[in-house]
Amino acid sequence: MTGPDLDTERAIRQWLEDTAPDHAPASIREALDKAVLDPAGRARPWPRSANERLRFAGRIAATLAILAIAGTGAYFYSASRSKAPSPGASAYPSGTVGPTSQASDTPGIDRLIREWHLVDTQMVDDQPGAFQGSRLSPVVALSSGGFVAFAFNPDLDQTFVFHSSDGTAWDHVGSLPTRHATVDSVADSGGLTVAVGYSYDAKADRAVPAAWTSIDLHVWNTAALPGPVNTGAMMVTAGPHGFLASGMELTQRSGLHFTLWMSADGTTWHTVAGPSLQAGAGVEDVSADSAGYAIRTAYAGAIKTWRSVDGDTWTEAWSRPADPAPTYFGMGRPVLKTSDGSYVTFGAGDSDDMVVWTSADLTTWTIAGQFTWLGMSSFAAISGGFISAGNCVADGTSCTKTMTGIWTSVDGLDWTLDPGTTPLVDGSGLIVNDVVSDGSHAIVVMRDNSDHLHLLVGTERK
């Protein structure tokens, strides 16, 4: 899964320029132009409270931008951080956190999400691999219900683990046993939670791919991921034969290199040959269902899916050629499983509209329709539909540029701005990081200009 050797800047420029064709919407082209005009060595890590991490973080920032731009939300991600957290900022929430403020529900309106309230935590959105515009999210929904959060404390050089059953009350339950740990993705199955990412060795100035496993969220074990140094595990999914993880070289000093790992128990991992990708193609998503595993790749507007029963042997299952200019339809992340068992993902479309993609089997995808993009940057499936959040980018009757928008939709095509959240976040200066759901509660993960997390929590309609 490698391409020809390239120097750092050339590799990054080639991947970004080839992945989105010239006729991609303006918002995507602007993001790509910004990414490829700045040399990797000038990319700014964000935030950095330990000088020893600056050199490596600066090099990986441009590479992580590849993943940010590959995801739907990053196509339109326009947030900026104004300052790093204070040196003494703690990663702990202030005890068992309760609602800071609560919105009242309007009588007579049947919403998909009710009882919105804002939870102000002291958790800091800071990981050794984070950078301005990063798509890393420290809050993840568990398949068994509830949420887990990972918060890096730069003062203690530890990653703390928090758990909540409802998104409101959070308890510090454990810590990762690895210094300089960055968590990129989390999956859980059968009571086992697996987090993947990488650890950074400050003295050697290099990163090592890693996985962390736990059966209770309290005690975590580190599992080594075989492969070259300066590789990070970026995505993980749980399937019928265990866990499949995907990663890529962080520094991109010798071309585009992607790595796949499989593990039956989350503890012992082996590398997988994976699909044979053409030079410049990128792995956009890894998913799993009862039939096995699916990988989606993209190159110059062309999309392919690959299937495997066991995660070791892969076959090309479906392809969609690039659209002729000026048409452009891209797919995004994450892939969401709906209540009827089908799958949905949201991507970029013509004229900065967004496209709704649907699939019954993670293999063949069709376009269900398009809708006008108002600033949505993250999506999640909820009971009875979908939720999206972002910072409004266009003035209109219901959404202005000064607002943080929370939208819900039954079918993914017709979206309604939820007015119940406006009193809680309007004018607060909070920036949307992500939105997650465990089927009972939805959380809009936000941060302030000191990178402290604020959670907008709502109860889903049953």
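Just so you know, all these numbers are worked out from the coordinates, no wet-lab data involved. Nothing here was measured: the structure is a model prediction, and the numbers come from that model. Cβ atoms come from the backbone with ideal geometry, glycine included; neighbour counts cover every protein chain shown.
Before moving on, here are some points about what is shown:
- Whole-Hz ³J(HN,Hα) from phi, Karplus 6.51 cos²θ - 1.76 cosθ + 1.60, for segment 292-304, glycine and proline x: x, 10, 9, 10, 10, 10, 9, 7, 6, x, 7, 10, 9
- In sequence order, segment 143-156 has phi-based couplings of 5, 8, x, x, 9, 10, 10, 10, 10, 8, 9, x, 6, 9 Hz under the Karplus curve 6.51 cos²θ - 1.76 cosθ + 1.60, θ = phi - 60°, and Gly or Pro positions carry x.
- At an R0 of 22 angstrom, the distance between the Cβ atoms of SER290 and SER144 translates into a FRET efficiency of 0.80.
- Relative to the current alpha-carbon distance between THR271 and SER383, full extension at 0.36 nm per residue lengthens the span by 36.6 nm.
- Placing R0 at 41 angstrom, the Cβ-Cβ distance between ALA302 and SER165 gives a FRET efficiency of 0.40 after rounding to 0.05.
- Computed extension gain for ALA317 through VAL229, at 0.36 nm per residue and net of the alpha carbon distance, reaches 28.5 nm.
- Annotation: amide H of MET234 within the under-5 Å range of SER246, GLY247, MET248, sequence separation 5 or more or interchain, hydrogens built in the peptide plane.
- Scanning residues 5 or more positions from GLU284 or on other chains, those with amide H under 5 Å from its amide H are ARG296, THR297, ALA298, with H placed 1.01 Å from N in the peptide plane.
- Residue-count net charge about ALA195 - beta-carbon cut-off 15 Å; Lys, Arg +1, Asp, Glu -1: -4
- Each residue of segment 357-369 is assigned a 3J(HN,Hα), and the resulting list reads 9, 10, 8, 8, 9, 6, 10, 9, 10, 10, 8, 7, x Hz, derived from the Karplus form 6.51 cos²θ - 1.76 cosθ + 1.60 (θ = phi - 60°), x at Gly and Pro.
- Taking amide H atoms as placed 1.01 Å from N in the peptide plane, the amide H of GLY266 lies under 5 Å from those of PHE243, each 5 or more residues away in sequence or on another chain.
- Each peptide in 241-250, 280-289, 342-351 was scored by the mean count of other Cβ atoms within 10 Å over its residues; highest first, the order is 241-250, 280-289, 342-351.
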